[in-house]
Structure formats: structure tokens, C-alpha cells
Amino acid sequence: MKKIVVAVTGASGMIYARELFKQLREMDVEVHAIISEAGEQVLQLELDITREEFSDVTFWGIKQFTAPMASGSAGFHGMVVVPCTMGTLGAIASGLSQNLIHRAADVMLKERRPLILSVRETPLNRTHINNMLTAHDAGAIICPAMPSMYQKPKDLTEMAHNYSARLLELLGLEVTYSRWKGH
């Protein structure tokens, strides 16, 4: 069974995190999660839910540096940060380990395991773009929260489902979703 880390930060776009957790629930995957304080606030503001909604997920404290994902020997397959704030991106790009999200991301990079950053900000300034390039060059996959529209999603939930499935696919997991078939 693969072990995956899901980190939720305080950027807008909690619908993507919710859909990712829903899809992971249906897979044979062990999920460990970390949510920042700002992430908890935005989850409540955008979706009127708390992390307790995801009762089948093991949550670790943001300052809990003894959590398994703080070490490469714990054997996690990969990590996704969804949504990923520019502050989190900057910390990861700089190699800072100020909290467990940053440390777990650093572990993924040093162990050459998939790290998917679902960055969420607009417009972007030069620092954001430089940090994305630095994280990319270190081994992260930058996957901005820009869902495709060619699938003609009937609502926001379907749109978020398709985008979240793409995140899981980038982690190397087998998923089914509406794919481009050509024209």
C-alpha cells in the first residue's frame, strides 16, 4: 500500500483538497495529512467544514516534527500540497523547514519522490515565478490550480474532481476521470 502526504495550506481553492481526499478515500492508499492554521480557516470560510470531515485521514500537527513524513526512512511515496500558498512555495524553494509541511516537502525533494505543488495565486509577481522555477529545478512538479474546461464540467465539483484526479495521476496513482480524447 502506498503512503501519501497531503498538505493543505491557506490559499483559496479548498474544493480541490476536498475532492482529492474524496478520491483518495476510494483508493488503496494510506493518507497522512497536515493542515496549516490558515488552511483550517480557509477550509471553514470556503466550504463550511473542518478537517474532522476527513475522519479517515491521519492528521499531523504543523509543528509535529517527529511525524513519520519528517524522515525519508518512513517510505512515503509522494506528497501533494493543495492548495499551495506562495509563502509555502517560497519556504520549499528556499529549503526552509519552519513547519512540518516544509520539512515533509524537503524530504520528498531530497529522496527524489514526487512532490506536487498546486500553487494558487493570481497575478504572479517575479518572486513567485522565480520560486516556482527554483522548486521545479529541485524536483517538484508545479501544477497550478488551473483546471481544464474542455471536459465541459457541469459544475465546480466536477471541475475540481477532474483537476484533483490529475494531481493523483502525477503522484503515479491510477485514476479514472474525463480525459481529452482528441477532436
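Per the conditions (1) surrounded by fewer than 16 Cβ atoms within 10 Å (Cβ to Cβ); (2) in contact with a helix residue (DSSP H, G or I) (Cβ under 8 Å, 6 or more places away or on another chain); (3) of a type in the set (D, E, K, R); (4) more than 18 Å from Val6 (Cα to Cα), the sole criterion not satisfied by Lys152 is (2). Looking across region 107-137, the residues that are crowded, with 16+ Cβ neighbours inside 10 Å, of a type in the set (A, V, I, L, M, F, W, C) and closer than 12 Å to Leu89 by Cα come down to Leu115, Ile116, Leu117, Val119, Met132, Ala135.
Selection of region 14-34 for residues being more than 11 Å from the chain's Cα centre (by Cα) and outside any helix (DSSP H, G or I) yields Glu26, Met27, Asp28, Val29, Glu30, Val31, His32.
Taken over region 57-73, the residue count meeting the criterion of being assigned to a loop (DSSP other than H, G, I, E, B) and either in contact with a helix residue (DSSP H, G or I) (Cβ under 8 Å, 6 or more places away or on another chain) or among the charged types (D, E, K, R) (or both) is 8. Kindly indicate whether Leu45 is out of contact with any Cys (no Cβ under 9 Å at 6 or more places or on another chain) and over 24 Å from Pro114 (Cα atoms). Spelling it out, Leu45 is indeed out of contact with any Cys (no Cβ under 9 Å at 6 or more places or on another chain) and over 24 Å from Pro114 (Cα atoms).
Can you say whether Leu124 is hydrophobic (A, V, I, L, M, F, W, C) and either more than 23 Å from Glu46 (Cβ to Cβ) or part of a helix (DSSP H, G or I) (or both), as far as the supplied structure shows? Talk me through it step by step, then tell me what you get.
Numbers: hydrophobic (A, V, I, L, M, F, W, C): yes; either more than 23 Å from Glu46 (Cβ to Cβ) or part of a helix (DSSP H, G or I) (or both): no.
No, not satisfied.
If you go through region 2-18 one residue at a time, do you hit one that is buried (at least 17 other Cβ atoms within 10 Å of the Cβ), without any contact (Cβ under 8 Å) to a residue 40 or more places away in the chain and small (Gly, Ala, Ser)? No, that holds for no residue. Taking region 35-56 as the range and being in a loop (DSSP other than H, G, I, E, B), modelled with pLDDT of 95 or more and surrounded by 18 or more Cβ atoms within 10 Å (Cβ to Cβ) as the test, only Ser36 passes.
Would you point out the residue of region 158-183, among those that are of a type in the set (Ser, Thr, Tyr) and modelled with pLDDT under 95, that is nearest to His77 (Cα to Cα)? Only one residue fits best here, namely Thr176. Scanning region 79-98 for residues that are crowded, with 21+ Cβ neighbours inside 10 Å and either closer than 17 Å to Tyr163 by Cα or of a type outside the set (A, V, I, L, M, F, W, C) (or both) yields a total of 8. Taking the criterion of being in contact (Cβ under 8 Å) with a residue 24 or more places away in the chain, in a helix (DSSP H, G or I) and of a type in the set (A, V, I, L, M), the residues of region 127-166 that qualify are Met132, Ala135, Ala138, Leu156, Ala160, Ala165.
The values are calculated or read from the model by the stated rules, or taken from the named source; none is laboratory data. This is a predicted model, so every value here is computed, not measured. A quick note on method: Cβ atoms are made from the backbone with ideal geometry, for glycine too, and the neighbour counts reach across all protein chains shown.
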